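Notes follow once the structure below has been shown.
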Amino acid sequence: MRAFGRSMALSVAALAALALPLFVSSPAFAAGCSSGDQVADKYCAMGAATSVLGAPVSAEYSVGSGRGRDYQGGSILWSAPTGAHEVHGAIVGDYRTVGGPGSLLGFPLTDETGTPDGVGRFNHFAGGSVYWTPVTGAHEVHGAIRAEWVATGWERGSLGYPVTDETATGGGRFNRFTGGSVSWTPSTGAHEVHGLIGAKYLALGAENSLLGFPLTDETGTPDGVGRFNHFAGGSVYWTPSTGAHEVHGSIRATWAARGWETGSLGYPVSDEYGVAAGRESDFTGGFLHWEAASGTIKTGAGQVLAPGVAQQSRRDPAGPFAISVTTVDPAGSARLAAGLAQDQMPGTEVTSSIASRYGAIAATNGGYFTTSGGPVHAYAQAGHIIAAPGLVENNMVDQRDGSLRIGGPNFTMTVSAPVGARGVVKVNAGAPAASEIAAYTPEGGTLSTPPAGGHCEVRVHPSAPVVAPDGSTTSVGNVDAVSCATALATGGGTVLATPAAGPLAPYLATLTLGTQIRLSWSLGWPGVFNAVGGNAHLVVSGAVNGPDVDGTDPFFARNPRTGVGQARDGRLLLVTVDGRQSGYSDGMTLREFANLFTALGADSALNLDGGGSTTMTHGSTVINRPSDAAGQRPVSNALMVLPPAPPAVRVYQPTVSSASVPPVGSTPETDPASVGGLAAAMASRGATLTPQLSGAASTFRASR
């Protein structure tokens, strides 16, 4: 069909006709139904001026090897091989734009006709077709691209209706369709790309991307699980669980040599992405790393835990380092969440137990904690603020849009009622001062209870939290208990308290039974539902944060490490490095840990509680090697990856394995990578410590 030639030239008469000049006819000409004239007879048979064509606007003219006439609503074209057919409406507009009967489309073979699905309209021409729907408009399809489209089932196939005319690009041509594309070059021929593979192809830049033109139609994989297209510059593979991902270059060549998707690496679960000194692609069975300096490929083990969640184990003999990485695609359905040990404070629980109770896909230990089991930093989970403000202000927060924010929080909390609003200065953090309101929740347990006597207190059972228009996390409820004489129990709700002799007591006293109040809190970022604490801030804007990671205290030396970050492409990164195990893994300095995150493509990263606390799980199975002789260290909280509909959280049940006391010598206070080492390092830098942290620093120094 390409033999129609690319000539778009028309005769002078035809060009004049297609310009639709105003034509004033004589009465005899207006009749337009002379017998034996094929164009006139067609017009007459359609109903002449009462048809969709309306009145004529030109005389009958010669064009190419045939004749034509233009009307208010379209044209009738005739040639000996094709007969006389009308073209009207939006289709004739596209036909004229292409060049009409003198173009590659040639003369019409059909009148405008409705499509079998009842949605669109079309005309076939000697050299192609023009299809129209109210949504897509009218577009032509011709040549080898049209033949490929026809082979897929016309507009009822996977490609749907055309949304562009055939267009030249990069040495070839393409048409886009509602469901995909067909692209053609002289060397590759015409091939279709559709569905999620097609969407990935377009997102990467289609024919002008690193993939180039397709070499195959979409094809099923030999194992019957996935689908793929090969391209001049790579491939895109898709399965229901992994989604569509591209593989190209040396990484693709290595993957292919190892058996494609049927080999040990399995299907790709990421596009190729940049890391320090090279490039990587992740697969269901591991990852491939291309080293820029040498061009060599290294392999690491791994597996897909759930859609969008992959876990890898890496060994680096340079340390040696034993590294575990869990990646989470924020576009998927899995989400980050914090989990409190024993569901209340004080308390500790091993990470695998917390993960098991919450039905986690994967988990790591979370933030630093004191001997009491309370978090050192501000802490929130599932939209509830549980501890604030922190003893140290550096947090990782999880927002509802799937992004992470790392930095110093700005804690604010407000109680609002019909009589006005007041600030709440602390949550589960001791008694309020004279002019303060403090909050107490069930998670405060015995660590922080509503004060007894001398306080005015109200209790409310808040609704499920939501994100308010101002970005705060908000819940509402009605006051169900009031007392200015005795302490109220939280009873599953939130108690607000202020000294009875203080200036805020009259405000709380006005919140009588049944009064609806609103509790709103924020850490300075919008839409926060989970927050855990850490130190140091390893990576900022893609660069190692030198002031935070360099130091001479034991805290900065090689230790087991746990951290969380977000890559430039949006992937969430949970990372552990084992340590204190000679010949297996030495652990990393904070700078080495920060370098690891930048090598993984992190734009931001935060160091969490480490040392003997460092743990990573797949479900409730520990996949790393914790350094404590007793195995997992009981911790205050965990950072988890949860499925979209996790099971109901199981109530904590004490067991020897989940709450045992670690042996002397590996407590958080004596551990250089845990709260003891952190507190000592802060003191060395001149920070003012709270009594709890000052005690941890003293305990640490005494243990050295």
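Where a number appears in this text, it was derived from the coordinates with a stated rule and is not lab data. Remember, predicted model here, so these are calculated numbers, not experimental data. Cβ sites come from the backbone with ideal geometry, for glycine too, and all protein chains shown count toward neighbours.
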Requested in this report: Pop the C-beta distance of Glu291 and Val150 into the FRET formula with R0 = 41 Å and round what comes out to the nearest 0.05.
Outcome: 0.30
Query raised in the report: When the Karplus curve 6.51 cos²θ - 1.76 cosθ + 1.60 is applied with θ = phi - 60°, which whole-Hz ³J(HN,Hα) does each residue of the range 141-146 get, with x for Gly and Pro?
Result: 9, 8, x, 5, 5, 5
Report summary line: For Gly454, other-chain or 5+-apart residues with amide H closer than 5 Å (H placed, Pro excluded) are none
Query raised in the report: What is the spin-label model distance, in nm, from Ala481 to Asp550 if the labels are put 7 Å beyond Cα along the C-beta direction?
Result: 5.5 nm
**Report entry** Spherically averaged projected area of the range 466-540 from its Cα convex hull (nm²)
**Finding:** 7.7 nm²
Report summary line: Per the rule of 0.36 nm per residue minus the C-alpha distance, extending Gln72 to Thr169 adds in nm 31.4 nm
Report summary line: The long-range amide H neighbours of Gly120, using H built 1.01 Å from N in the peptide plane and a cut-off of under 5 Å, are Thr115
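When the convex hull of the C-alpha atoms of the range 563-704 is computed, what volume per residue in Å³ does it have? Walk me through the numbers before you get to the answer.
Numbers: hull volume 21.7 nm³, N = 142.
Hull volume normalised by residue count: 153 Å³.
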Query raised in the report: Taking 0.36 nm per intervening residue step and subtracting the Cα-Cα distance, what contour gain separates His461 from Gln653 on full extension?
Result: 66.6 nm
Report task. Calculate, in nm to one decimal, what Ala382 and Val52 gain on full extension: separation in residues at 0.36 nm each, minus their alpha carbon distance. Result -> 112.5 nm
Requested in this report: Along each of the three principal axes of the Cα atoms of the range 252-371, give the extent in whole Å, ordering the values from largest to smallest.
Outcome: 53, 32, 22
**Report entry** From phi via Karplus (6.51, -1.76, 1.60), per-residue ³J(HN,Hα) for the range 181-195 in Hz, x at Gly/Pro
**Finding:** 8, 10, 10, 9, 9, x, 8, 9, x, 9, 9, 9, 9, 9, x
Requested in this report: Run the quick spin-label model on Ala232 and Ala468: label points 7 Å from Cα toward the beta carbon, then report their separation in nm to one decimal.
Outcome: 5.7 nm
Query raised in the report: In deg cm²/dmol and to the nearest 500, what is the mean residue ellipticity at 222 nm of the chain if only DSSP H runs of at least 4 residues count, each as -39500 (n - 2.57), divided by the residue total?
Result: -4500 deg cm²/dmol
**Report entry** Quotient of C-alpha Rg and 2.2 N^0.38 Å, computed over the chain
**Finding:** 1.32
**Report entry** Förster-model FRET efficiency, 60 Å R0, Thr510 and Thr688, C-beta, rounded to 0.05
**Finding:** 0.95
Query - Sequence-distant residues sharing a close amide H with Gly390 (under 5 Å, placed H) - result: Ala378
Query raised in the report: HN-Hα J couplings of the range 277-290 from phi, Karplus 6.51/-1.76/1.60, θ = phi - 60°, integer Hz, Gly and Pro as x?
Result: 6, x, 9, 9, 10, 9, 10, 4, x, x, 8, 10, 10, 9
